[in-house]
Structures are given as C-alpha cells and as structure tokens.
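Report on one structure; see the data block that follows.
The values are calculated or read from the model by the stated rules, or taken from the named source; none is laboratory data. What you see is a predicted model, and the numbers here were worked out from it, not measured in a lab. As a convention, Cβ positions derive from the backbone with ideal geometry for all residues, glycine included, and neighbour counts pool all protein chains shown.
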Amino acid sequence: MLHRMSAIPSVTSNDSALEAAVVDWLLASRMVLPPDFRIRLSVVDAVGSWEDNREVFLQGDVAIQAGDPAGWVHLNWRTAPARARIEAQQPEALVEVSREAVAKLDYFLRSFVLVTLIFIWKRAGHYHVHAASAIDSRGRGWMLIGASCSGKSTTTALLASRGWQVSTDDIAFLTSREDRAAVVGFRSPIALRPGGMELIGPAGGTQLESRLKTGYWPEELGATWVQTVEPDILVFTALGGERTMLTPMAAADVLAELLQWSLWVMFEPMAAQEHLDLLARLARQARCYRATLAPDLFAAPGALEDFLP
C-alpha cells in the first residue's frame with residue numbers, strides 16, 4: 001500500500017548543512033514515505049561500535065547485522081566511519097556520522113543512507129529490487145533487472161529518448177497495488193558512462209564525480225518521469241553478441257533471478273513472506289524474458305518493443 005509523502009521529511013541533525021542535504025535528496029527522489037518516518041543524524045568526532053554478536057552480511061560498502069535475537073538492524077559503513085540503528089518495527093533510524101563521511105556526501109547518501117532507508121521503507125511495505133522501470137508507447141509497464149554494467153541505465157536512457165515514461169534506472173521498490181505488484185521508483189539522474197553517452201548522444205547532464213558518470217534527469221532526455229509502474233514485461237539484461245535477443249523464461253527461473261536482485265529478503269524475517277509473495281506475484285503477472293543487448297538495439301525504431309518474440 002502506498003503512503004503519501006510528507007511535505008518535509010522528518011530529518012533532524014546537529015549539522016544544519018547535512019540535514020538540509022538529506023532533506024533535499026529525499027524530496028528530489030519523490031519517494032513516498034510513511035507518516036511516522038523519522039531519521040536522526042548526529043555528526044560526531046568519534047563513531048562508536050555496536051555491541052552485537054549477530055552475523056555480519058556485506059552489501060557493497062555496508063556491513064549489516066539484522067534478524068534474531070534482536071529486532072533492530074545495525075549498519076556500519078566501511079568507506080568512512082558511520083553507523084546506523086534502524087528500529088525493529090517503526091520506520092525510524094539513528095545515524096552517527098563522522099566528519100570524514102560527511103566530506104564524501106554524494107557517495108555517503110547513495111551508499112550508506114540509501115541502505116538505511118531501504119530497511120526503513122521495508123517497514124512500510126516497500127521492498128528494494130535493483131532494477132529499472134518504464135512505460136512504453138502502448139502503456140505497458142517494463143522492468144529491466146540486472147547487474148551493474150548489464151546495460152540497464154544505457155537502455156533506460158535510450159527508452160527515455162524515444163519518449164517512454166521513465167521511473168528509475170536502478171533504484172526500485174516493489175509494493176502491492178490491489179491485486180498486482182507495482183514498482184515505485186526513486187527519482188534520480190540516469191547515470192551514463194562515456195560509452196553510453198556516445199550511443200545516446202545527449203548534450204548537457206551533470207557530472208557525478210564520485211561515480212565517474214554523467215547524470216541526466218528523464219526530462220533532459222525527452223521522457224516524462226512517472227512514479228509507479230505495474231510491470232507487464234520483465235527483462236533480465238546482459239550485454240553481448242551482435243544481435244539483441246529476448247528469450248522467454250520458465251517461471252521457476254524467473255523467481256530464482258528475482259531473489260538474486262532483491263536480496264533484502266534474506267537479512268531479517270520481518271515481512272519476509274510478504275516480500276516473497278510480491279516477487280511471486282510479479283513473476284506471474286509479467287511476460288518474462290532473458291535479454292542479450294547489442295548495438296542494433298539503438299537502430300530499432302521501437303527500441304525494446306521490436307525484439308519481443
């Protein structure tokens with residue numbers, strides 16, 4: 001169930017500049033938040049350590065301790081000192097941040113704060129999946145899923161340039177919309193590497209220095225941003241070959257792939273069944289394909305639509 005976003009997210013900090021940056025970032029994302037959302041940021045000279053004997057899981061630069069016997073989640077950032085505690089049931093978090101972490105603000109937001117928020121949003125019925133989402137010219141919802149460097153962002157930029165409605169190029173959240181699975185997009189610039197920029201040929205953009213990419217808002221590429229997409233077509237992307245091909249997938253393979261790209265179901269038992277049910281619903285409602293993306297995709301008038309079996 002979708003929640004209406006508050007006018008100003010409830011973010012407090014002893015550092016007014018950090019507080020303003022996080023609020024601006026959340027507002028720019030257009031991401032729905034529960035009404036009882038709270039995050040407290042404390043900039044400290046020395047970040048403490050949690051007394052927690054639970055197993056540590058690594059997700060990128062973030063070390064995660066979650067699940068039984070404690071209900072809360074502990075996070076530690078490995079890039080610079082920072083830690084977070086997410087409450088067991090409520091969408092609330094306490095974050096301690098070093099000045100070294102604040103100095104890496106863009107990466108801190110996209111790496112550590114985003115993971116903190118993934119657990120918060122989970123408490124409100126939104127489950128993260130690493131995917132792009134868009135709506136084609138016939139009103140069909142598409143979801144593109146795959147690893148970094150699998151062509152998601154470049155393909156999303158191509159679809160945007162063809163006038164598709166675009167939700168997100170890599171940060172998506174599954175939720176329930178009546179009897180269907182829907183994807184809520186975290187609005188952020190579509191991030192292109194130099195090779196993707198050469199294929200799409202856009203002018204302008206914003207340099208994302210910490211990621212060595214250039215970011216384009218969907219509107220800069222000719223698209224309309226849309227918050228929610230109900231996927232009708234699900235595509236698992238990979239690069240290779242000389243021809244773009246979409247091959248139908250068996251239902252069992254689809255669910256296994258979805259679990260790989262929505263790993264947060266593993267970290268704590270809270271709402272795990274609802275998360276799994278949403279993944280299964282998504283696999284049932286969509287036509288599912290494994291895609292090999294090749295340069296001929298960029299010459300096709302209908303982009304991905306032309307390659308559907």
Query raised in the report: Using beta carbons and a limit of 6 Å, which pairs, at least six apart or on different chains, have the first residue in segment 7-36 and more than 22 Å from Arg99 (Cβ to Cβ) and the second one in a helix (DSSP H, G or I)?
Result: Pro9/Val23; Pro9/Leu26
**Report entry** Long-range neighbours under 6 Å by Cβ, at least six apart or interchain, first residue without any contact (Cβ under 8 Å) to a residue 60 or more places away in the chain within segment 165-178, second assigned to a strand (DSSP E or B) and of a type outside the set (Gly, Ala, Ser)
**Finding:** Asp169/Ile190; Ala172/Val129; Ala172/Val183
Query - The lone exception for Lys213 - which of (1) among the basic types (Lys, Arg); (2) crowded, with 16+ Cβ neighbours inside 10 Å; (3) at pLDDT 90 or above it fails - result: (3)
Query raised in the report: Are there any strands (runs of 3 or more DSSP E) wholly within segment 60-105 with 2 or more residues that are out of contact with any Pro (no Cβ under 6 Å at 6 or more places or on another chain), in the same structural domain as Arg40 (by TED's automatic domain parsing) and charged (D, E, K, R), and if so which?
Result: 82-86, 92-98
**Report entry** Residues located in segment 138-152, provided they are more than 18 Å from Tyr289 (Cα to Cα) and either in a helix (DSSP H, G or I) or modelled with pLDDT of 90 or more (or both)
**Finding:** Arg138, Gly139
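Yes or no, residue by residue, for (1) out of contact with any helix residue (DSSP H, G or I) (no Cβ under 8 Å at 6 or more places or on another chain); (2) modelled with pLDDT of 85 or more:
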site: Ala172; (1), (2): yes, yes
site: Arg177; (1), (2): yes, yes
site: Gly196; (1), (2): no, no
site: Leu199; (1), (2): no, no
site: Ala203; (1), (2): yes, no
site: Gly222; (1), (2): no, yes
site: Trp225; (1), (2): no, yes
site: Thr228; (1), (2): yes, yes
**Report entry** Condition check for Leu109: farther than 24 Å from Arg290 by Cβ, touching a Phe, Trp or Tyr at 6+ places or on another chain (Cβ under 8 Å), touching a residue at least 24 places away in the same chain (Cβ under 8 Å) and in a helix (DSSP H, G or I)
**Finding:** yes
Report summary line: From the option list Ala157, Ala181, Ala124, Ala84, single residue qualifying as in contact with a Phe, Trp or Tyr (Cβ under 7 Å, 6 or more places away or on another chain) and aliphatic (A, V, I, L, M) is Ala157
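A quick yes/no check of all residues on (1) in contact with a strand residue (DSSP E or B) (Cβ under 9 Å, 6 or more places away or on another chain); (2) at pLDDT below 95:
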position	(1), (2)
His74	yes, no
Ala82	yes, no
Pro91	yes, yes
Leu94	yes, no
Tyr107	no, yes
Query raised in the report: Are any of the residues in segment 239-247 of a type in the set (Ser, Thr, Tyr), touching a residue at least 12 places away in the same chain (Cβ under 8 Å) and either over 16 Å from Ala160 (Cα atoms) or buried (at least 17 other Cβ atoms within 10 Å of the Cβ) (or both)?
Result: yes
Requested in this report: Answer yes if at least one residue in segment 22-37 is of a type in the set (Phe, Trp, Tyr) and either part of a strand (DSSP E or B) or over 14 Å from Val113 (Cβ atoms) (or both), and no otherwise.
Outcome: no
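Residue-wise test of (1) touching a residue at least 60 places away in the same chain (Cβ under 8 Å); (2) in contact with a Ser or Thr (Cβ under 7 Å, 6 or more places away or on another chain); (3) surrounded by fewer than 18 Cβ atoms within 10 Å (Cβ to Cβ).
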site	(1), (2), (3)
Arg99	no, no, yes
Ala124	yes, no, no
Ala131	yes, no, no
Ala134	yes, yes, no
Ser137	yes, no, yes
Query raised in the report: Which condition number does Tyr216 fail, the rest of (1) of a type in the set (Ser, Thr, Tyr); (2) within 13 Å of the chain's Cα centre (by Cα); (3) closer than 22 Å to Ala303 by Cα being met?
Result: (2)
